[in-house]
1. If we scan the range 189-202, do we find a residue that is touching a Phe, Trp or Tyr at 6+ places or on another chain (Cβ under 7 Å) and either modelled with pLDDT under 95 or closer than 16 Å to Cys127 by Cβ (or both)?
2. Go through (1) within 24 Å of Gly101 (Cα to Cα); (2) outside any helix (DSSP H, G or I); (3) not hydrophobic (A, V, I, L, M, F, W, C) one by one and return the number of the condition Asn173 breaks.
3. Only one of these is more than 21 Å from Gly159 (Cα to Cα), of a type outside the set (A, V, I, L, M, F, W, C) and modelled with pLDDT of 95 or more: Asn207, Asn259, Asn218. Name it.
4. Taking the conditions exactly as written (surrounded by fewer than 19 Cβ atoms within 10 Å (Cβ to Cβ) and either in contact with a helix residue (DSSP H, G or I) (Cβ under 9 Å, 6 or more places away or on another chain) or part of a loop (DSSP other than H, G, I, E, B) (or both)), does Asn188 satisfy them or not?
5. Which members of the range 193-220 meet the condition of being over 16 Å from Gln171 (Cβ atoms) and out of contact with any Ser or Thr (no Cβ under 6 Å at 6 or more places or on another chain)?
6. Across the range 204-231, what is the number of residues that are aliphatic (A, V, I, L, M), in a helix (DSSP H, G or I) and under 16 Å from Lys242 (Cβ atoms)?
Amino acid sequence: MITHSDLGRPSDNETVERRGNTIYFPRSKRASTPQEKPPPPQQRVANQPGFQTPDAAFKLIYEAKCRDLKMSKTSNTQCQRFIDLARVQCQVPRMCLRNQGLGTDSAKAISKMLASVKRYEYLDVSCNQFGDYGAAAIAWLLERDSSLTMLDYRSNNLGADGGELIFHALQTNRSLTAIDLSTEPGINRNKVGLRGASGLAQALEKNHVLCKVDLSQNSVGIAGAEVLGSSLSKNKSLMELKLCANGLGVAGSSEIPLNGNP
């Protein structure tokens, strides 16, 4: 069992806290190690066709949504409704396109837009149907964008392949501080499993910017908890790790080190 002995034992007011299967690490222990600072946000660079204005970009996302849904005929009214909605929900620095029936093509369009604009800090694409191919587009974005700090990818039919791609991108990403890959009950379940947990473990060994990770309801299992527990001693930034409803039980929970003890 890997411990946090290299960090020293916490004082009485500096204990690691467990609430269910959520682990909270003491801020003072983490702050003792210098953190890598993300580069400053870049200014808007509209260098890709179709992204010169927000409305043009939103139209491209709508057209991608139509392809995802195999909608051959749409009206200008429907398109304008989507653009009007996006104007409200995608105001810099937050882009929220939750539960919009978006798929792989939409993921590509969103990733290209954000890579071009470089002004959004928060991306919520939860409860869509991006799947693993959409995750590949998001991973592509994470390897190029230095402005995004929060990604909400809940309930997107994410599997082990897509999870591995996202976590591989996080090995070099130095801006994202929080990622939510959990599952909402009954909706497009995410299931990264042991392979995804292993990918996260590798990312945590190299990424010292990420602070919060939610992998609730992802079929991580006891083996996944074991590999994650082994990586925590090598990470100095993670403050919160949620592993609720992953079939850990007492055995799996014991793999996550607390208070510097095995």
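The values are calculated or read from the model by the stated rules, or taken from the named source; none is laboratory data. Treat the numbers as computed from the prediction; the structure is a model and nothing was measured. Glycine gets a Cβ as well: all are built from the backbone with ideal geometry, and neighbour counts include every protein chain shown.
1. no
2. Unmet for Asn173, out of (1) within 24 Å of Gly101 (Cα to Cα); (2) outside any helix (DSSP H, G or I); (3) not hydrophobic (A, V, I, L, M, F, W, C): (1).
3. Answer to the selection: Asn207.
4. Details: surrounded by fewer than 19 Cβ atoms within 10 Å (Cβ to Cβ): yes; either in contact with a helix residue (DSSP H, G or I) (Cβ under 9 Å, 6 or more places away or on another chain) or part of a loop (DSSP other than H, G, I, E, B) (or both): yes.
Against the criterion (surrounded by fewer than 19 Cβ atoms within 10 Å (Cβ to Cβ) and either in contact with a helix residue (DSSP H, G or I) (Cβ under 9 Å, 6 or more places away or on another chain) or part of a loop (DSSP other than H, G, I, E, B) (or both)), Asn188 qualifies.
5. Correct list: Leu194, Lys212, Leu215, Asn218, Ser219, Val220.
6. 3
Residue-by-condition table, conditions (1) under 20 Å from Tyr133 (Cα atoms); (2) of a type in the set (D, E, K, R); (3) over 18 Å from the mean Cα position of the chain (by Cα); (4) not in a loop (DSSP other than H, G, I, E, B):
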| site | (1), (2), (3), (4) |
| --- | --- |
| Leu60 | yes, no, yes, yes |
| Arg67 | yes, yes, yes, yes |
| Ser72 | no, no, yes, no |
| Thr77 | no, no, yes, yes |
| Lys112 | yes, yes, no, yes |
